[in-house]
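A short worksheet on the structure shown next.
Please treat every number below as a calculation from the coordinates, not as lab data. Bear in mind that the values here come from a model prediction, so they are computed numbers and not experimental data. Neighbour counts are summed over all protein chains in view; Cβ atoms, including those assigned to glycine, are modelled from backbone coordinates with ideal geometry.
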Amino acid sequence: MKPLKYAILVNPASGKTSIDTKRIQLKNAATILQAKIHGLDTNSPEDFKNCALALASRCDVLVAAGGDGTFSSLINALDTTITQVAYLPLGSGNALQYALNYRGSLADIAQRIQKGRVREYDLINCNQNKRAFMVSLGIEGTILKLRDRFLQQGLTGFYPYLKAVFFSVLKAYTPAQAVIRMDDQIKKIPNLLSLMIMKQPYYGYGMKVAPKARFNDHQLHVSSINFDYSKMILAGLTSFTIGNCAGQYLSCKKVSVMLKKPLYAQIDGDVAWEAEKFNFEVLPGVLRIKC
């Protein structure tokens, strides 16, 4: 059987390391996959997308090297029912690393990719214009906007995220009223803290926010949490241990959300658009990922 041809596409803006450091970090993984490293000279999301499209026609497996946002950019640039993809974690939170149960060095992960099989996983269709593997409405958008501000101030690691959480809970975030339809069930939330729509269990930093979520079960996994300090503490503590136990949970195929005021959506670890109405549905088996 002819060996598969790999290409590694790197987001130069992912994480806090320099371009030269990224090249060094990926050297062993590139050798294992016999792949060239691309993308370090891209300067914008449009450049990254065009690079992905060009590489997809010249390789069998396109490997995204970066954080959750990098992989999200890739799955929105390509038709992943045709192009096989893979993932090397170089970001900060790296929820996808936990979702794929990746352990060890980048070289270890590259070996797993090389020996692994192609799996067909589901994604989330967000308002008919973006695909994702994790989405939330509520406090997470505020947290991420503050986290990005703290990162720009030079803070690193988990601390800027933790600082953003405290600022958001105590001051920056104002709860919203929401009406949520999940398939045929309707739920009203007077003071929404977070509505999570997940295709896998994790947020970044290993937070297991949706323990029952699975990449390949053709369901959306929806958890809603009210703005209540005891529930917030419970959600935080259990997400880092046994898995989130706070809030109400339901699995379904479609979700629609109406809000009394606009909120930002968090999509794959980045702040997305702000709106009062959102629609989500499961896209079964559209992600072909080698892992």
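For the chain, give me the percentage of DSSP beta bridges that are antiparallel, rounded to the nearest 5 percent. Of those bridges, close to 75 percent are antiparallel. Using Cβ point charges alone (K and R +1, D and E -1), the dipole size of the chain about the Cα centre works out to roughly 400 debye.
Candidate cross-link partners of LYS16 among the lysines, defined by an alpha-carbon separation under 28 Å and a same-chain spacing of 8 or more, comprise LYS27, LYS36, LYS49, LYS130, LYS145, LYS163, LYS171, LYS199, LYS208, LYS290.
How would you classify region 146-232 from its alpha-carbon gyration tensor, with a ≥ b ≥ c the square roots of the eigenvalues: rounded for a/c under 1.5, else prolate if a/b is greater than b/c, otherwise oblate?
Working: a/c = 2.69, a/b = 1.39, b/c = 1.93.
Judged from the Cα gyration tensor, region 146-232 comes out oblate (a/c at least 1.5, b/c at or above a/b).
Computed from backbone phi, the HN-Hα couplings of region 86-97 come to 8, 9, 10, x, 10, x, 9, x, 6, 4, 5, 4 Hz, rounded to whole numbers (Karplus: 6.51 cos²θ - 1.76 cosθ + 1.60, θ = phi - 60°; Gly and Pro given as x).
Where a ≥ b ≥ c are the square roots of the eigenvalues of the C-alpha gyration tensor, would you call region 22-111 rounded, which needs a/c under 1.5, or, failing that, prolate if a/b is larger than b/c, or oblate? It comes out rounded by the Cα gyration axes.
Of interest is the spacing of the C-alpha centroids, which for region 111-177 and region 276-291 amounts to 17 Å. Pairing the Cα long axis of helix 229-239 with the longest principal axis of the chain, what angle in degrees results, from 0 to 90 and rounded to the nearest 10? Long axis of 229-239 versus the principal axis of the chain: about 30 degrees.
Annotation: for a label point projected 7 angstrom from Cα along Cα→Cβ of VAL179, residues of region 236-266 with backbone N closer than 17 Å are 255-263.
Relative to the longest principal axis of the Cα atoms of the chain, the long axis of helix 106-115 makes an angle of roughly 80 degrees.
Put the Cα centre of region 191-207 next to the Cα centre of region 236-263 and the gap is 6 Å. Between ARG119 and residues 5 or more places away or on another chain, which pairs have amide H atoms under 5 Å apart, with H built 1.01 Å from N, and which residues are they? For ARG119, the qualifying residues are ILE289, LYS290, CYS291. Every helix of 4 or more DSSP H residues in the chain counts as -39500 (n - 2.57), and over all residues that averages to -9000 deg cm²/dmol at 222 nm.
If we sort 84-97, 266-279 on the protection proxy, mean other Cβ atoms within 10 Å, highest first, what's the order?
Values: 84-97: 23.5, 266-279: 18.0.
Put in order of decreasing packing, that is 84-97, 266-279.
Assign one of three labels to region 1-63, namely rounded, prolate or oblate, based on the Cα gyration tensor with a ≥ b ≥ c the square roots of its eigenvalues; rounded applies when a/c is under 1.5, prolate when it is not and a/b is larger than b/c, and oblate otherwise. It comes out oblate by the Cα gyration axes. For SER256, put the label point 7 Å out on the Cα→Cβ axis and report which residues of region 180-215 keep their amide N under 14 Å from it. The answer is 180-187, whose backbone nitrogens lie closer than 14 Å to the label point. Taken along the Cα-to-beta-carbon direction at a fixed 7 Å, the label points for LYS27 and ASN50 span 3.1 nm.
Placing unit charges on C-beta atoms (Lys and Arg positive, Asp and Glu negative, everything else neutral), compute the dipole magnitude of region 6-116 about its Cα centre in debye, rounded to 20.
On the way: 10 positive and 8 negative charges, 73 e Å.
Dipole of region 6-116, to the nearest 20 debye: 340 debye.
Spin-label model, ASP79 to THR156: label points 7 Å out along the Cα-to-beta-carbon direction sit 4.3 nm apart. Rounded to the nearest 20 debye, the dipole magnitude of region 130-284 is 120 debye, with +1 charges on Lys and Arg beta carbons, -1 on Asp and Glu beta carbons, and the Cα centre as origin.
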